[in-house]
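Shown next, in C-alpha cells, is the structure this report addresses.
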Amino acid sequence: MVKLQFYPVEFGYKILDNRCYMQMYGRRKDDSKQIVVQEPFEPYLYVLVEGKEPQEVVNGILAKDIVRQDKSVVIARTAVVESRYNGKDVQLVQIFTKLPQDINAVGKALANDFLILEADFSVEKRYLVDRGIIPMVLTDVDGDYINQKSKVSVVDAKEVTQKETEVLDEPRMLAIDIETYNPTGKNVNAEKHPIVMVAFFGRDLHKVLVSKYFKSDEDYVEVVEGEAALLRRFQEVVEEYKPDILTGYYSDGFDIPYLARRAEKHNLSLKLGLDYSDIKVDRRRVTVSSISGIAHLDVLQFLKRAFSTTLETDKFSLGDVAHELLGEAKADVDIRELAEVYDKNPERLGVFCKYNLRDAELTYRLAQEIMPSLVELIKIVGVPIFEISRMGFSQLVESYLIRRACEQGDAVPNKPSGDEIRSRLANTYEGAFVYKPKAGLYSNIIVFDFRSLYPSIITTHNISPETLNCECCQSAATVPGEEYRFCKKKRGFIAEVIEELITRRNRVREIAKSKTNSKILAARSYALKTVANAMYGYLGFYMARWYCIECAESITAYGRFYIQKLIDESQKQG
C-alpha cells in the first residue's frame, strides 16, 4: 500500500473486466511526476417514488427486462434515499449499473412509469460531485501501483480524499502553433495543404520543427525531412515534455484537428493520450479536440466566453488580444509569402520560424494570464479545466448549482424536453428600466451604482423557484407590478447559494485591500462575481434546469422599482 498526494487535472474512465473505473490524471506533489489514479465507480440515476412503497418500486424495476444493443442490462444494486425535490421532502430509488452506457437504457425503460432524475449526468461529473473532488486541488490517495498499458504510473486507489485547499497554480503547460503550406494564401485546407512548421513554447522549451532543410544558427530550429517526419517528431516532443496542459489559440477548430487529419493522410496515428489513445476530434455544433490524460486548453474559446464583455477588442485575433492583455505584438511577417519562400528561397525560412515561435509564445503567455481566473472558476464550480474553459455563463451557473444541490442532498431537476424548450422560447418578460435623459451639457454629475443589484435582489427577496407563491405565506407582499410573492419562512436554494457567493466575494475584496497586486484575489473576486451575476440570466434561460420565468420577471421588476425609487428621491432632493 502506498500513500501519495497529487493534483488531479484531467479525468476520464475506462471499462476493465466489465467494470467502470474512474481515472484521474495529474502530477505528484513530492517529485512532480505524472500519474494516473484509478478507482472503481458505479454510475447511477434516481427514480422518484410517488404514491407507492419504495420496495414496491424497487421490485417493479428489478422485474423489468432492460436491453441495450441486444444485451441485458445488469442492475448492480439499488438503494432508497431521502432527498428533496423542488423544495419538498421526497423518497428516491437509487439505481446503480456497472457500465455508464447502461444508465441511458435504464432511464428510457423506466421513463413511462416514473420520473427519472439525474440520468443525463456524465460519469465524470457524477464522480467528482460524489467524491467531493475539486480538480487541480491537492488530493490524498491510498492504493497500490499496478501494471497497465499507460505512459505514466498507474495507482489502483483504495481511498481518495481531498482534505487540502492547495492548488496546482502553475501546471506544466505547452503551447503549440502550426504553419501550413498554402500557395493561394487563403482558404487553408487540411486535405490539400501540408503542415510545414510546428512551434512549441513552454517554461523550459522553445522549439520550431521545420519540414524542409535550411541553414539556421538558431538553437530553437529543428529540421526534419518532410511532413510525416514532422508529425512523428511532434508527438515525440509532446511526450518528452510531459505537459499537464496543451494549449493553443483556436486549437479546437484548427491546430489540433489539422494535425490529426494530416496524420491520417500519412497513415499515422498521433497517440498523444497518456493511455496511448489518438487525438479525439468531436465535430458537432462547435468542434472540440481532446487528448486523454492531457488537458487541452483553447485560449480563444475561454476568452470569447468569459472576457467578451470586458475586452475592448471585438476581433479576438491573437494579435489584437495579445496587444490588449499583454501589450505585445506578433512578429511582423507576411505569412502569405511562406509557401513561395518554402519552394524557392528556403534560406529565408528563418523569419517564418521566428514568426511561428512568437505566436506560440504569445499563446503561452495569454494562457498564463488567464490561468488564475481559470483556477478560481474551477475551485468554485468544481469542473476540470477542459470543460470550464469551454463553458458559457449559464453552464457555469448550472454546474455550480448541481454541485451545491448534491452537497445538500437535493435532487437535481432534469433538462427541459423539446416541447418544454419550445414553450419557454415563446415566453418573454420586461427587462430593466433605462432612464432617458434630456439632451444638453451637465455639470456636478454624481454617479450612483448599486452593488450587485440583481444578486442582491435575489437574496433580499428570497427569489427561488421553490419559494414562488408558497402556501405558507399567502399574505406576503407581492412583487411590484406583478402578482408573484416569495416565501418569508424557508430560505430558497437559489437565494442561499447567491448569498454565499456575495459573502465570499465581499470577504475577498476586504482581504484584497491589505494586499498589493494580488492577481489571485482579483481572479477569485472576478470568478465569484461572474457566477453570481449570471444567475439572473440563467433563471430565464430556456435550457436551464432551474428555469423560472416568474423569478426572472420578479428580479427585473424589483430592479425597475429600486431604480425608479432612487430617481424619485434624487429629484425630490433637487
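The values are calculated or read from the model by the stated rules, or taken from the named source; none is laboratory data. This one's a predicted model, so the numbers in the text were calculated from it and none came from an experiment. Glycine also receives a Cβ, built like all others from the backbone with ideal geometry; neighbour counts cover every protein chain displayed.
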Next on the checklist: What pairs come out if I take residues in region 186-202 that are among the aliphatic types (A, V, I, L, M) and surrounded by 22 or more Cβ atoms within 10 Å (Cβ to Cβ) and pair them with residues that are in a loop (DSSP other than H, G, I, E, B) and modelled with pLDDT of 95 or more whose C-beta lies under 6 Å away, six or more apart or interchain?
Outcome noted: Val196/Tyr181; Val196/Ser211
Item to check | Selection status of Asn462, at pLDDT 95 or above and either within 19 Å of Met543 (Cα to Cα) or β-branched (Val, Ile, Thr) (or both) | outcome: no
Item to check | Conditions (1) closer than 24 Å to Lys151 by Cα; (2) outside any strand (DSSP E or B): number failed by Glu218 | outcome: (1)
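For every residue, the table says whether it meets (1) closer than 16 Å to Ile133 by Cα; (2) under 26 Å from the mean Cα position of the chain (by Cα); (3) in a strand (DSSP E or B); (4) not β-branched (Val, Ile, Thr).
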{"site": "Ile15", "(1), (2), (3), (4)": "no, yes, yes, no"}
{"site": "Gln23", "(1), (2), (3), (4)": "yes, yes, yes, yes"}
{"site": "Val36", "(1), (2), (3), (4)": "yes, yes, yes, no"}
{"site": "Val47", "(1), (2), (3), (4)": "no, no, yes, no"}
{"site": "Gly60", "(1), (2), (3), (4)": "no, no, no, yes"}
{"site": "Arg84", "(1), (2), (3), (4)": "no, no, yes, yes"}
Item to check | Identity of the residue in region 21-78, small (Gly, Ala, Ser) and touching a strand residue (DSSP E or B) at 6+ places or on another chain (Cβ under 7 Å), that ends up farthest from Asp89 (Cα to Cα) | outcome: Gly26
Checklist outcome for this item: For region 133-148 the number of residues that are outside any strand (DSSP E or B) and among the aliphatic types (A, V, I, L, M) is 4
Next on the checklist: Yes or no: region 192-210 includes at least one residue that is more than 23 Å from Arg172 (Cβ to Cβ) and at pLDDT below 95.
Outcome noted: yes
Next on the checklist: Exactly one of these conditions fails for Arg84: (1) surrounded by fewer than 19 Cβ atoms within 10 Å (Cβ to Cβ); (2) in contact (Cβ under 8 Å) with a residue 40 or more places away in the chain; (3) over 29 Å from Ala495 (Cα atoms). Give me its number.
Outcome noted: (3)
Checklist entry - Quick check: anything in region 556-565 touching a strand residue (DSSP E or B) at 6+ places or on another chain (Cβ under 6 Å) and of a type in the set (D, E, K, R)? => result no
Checklist outcome for this item: When (1) closer than 18 Å to Val9 by Cβ; (2) buried (at least 16 other Cβ atoms within 10 Å of the Cβ) are applied to Glu239, the one that fails is (2)
Checklist entry - In region 485-519, which residue that is within 30 Å of Asn469 (Cα to Cα) and small (Gly, Ala, Ser) is nearest to the chain's Cα centre (by Cα)? => result Ala495
Checklist outcome for this item: If you go through Tyr400, Tyr429, Tyr364, the only one that is touching a Ser or Thr at 6+ places or on another chain (Cβ under 8 Å), closer than 30 Å to Tyr25 by Cα and aromatic (Phe, Trp, Tyr) is Tyr364
Item to check | Flag for Glu312 being more than 30 Å from Glu239 (Cα to Cα) and in a loop (DSSP other than H, G, I, E, B) | outcome: yes
Checklist entry - Identify, please: which residue in region 63-80 is at pLDDT 90 or above and farther than 12 Å from Asp102 by Cα and is, among those, surrounded by the most Cβ atoms within 10 Å (Cβ to Cβ)? => result Thr78
Next on the checklist: Here is a list: Tyr542, Tyr558, Tyr547. Which entry is aromatic (Phe, Trp, Tyr), in a helix (DSSP H, G or I) and out of contact with any Cys (no Cβ under 8 Å at 6 or more places or on another chain)?
Outcome noted: Tyr558
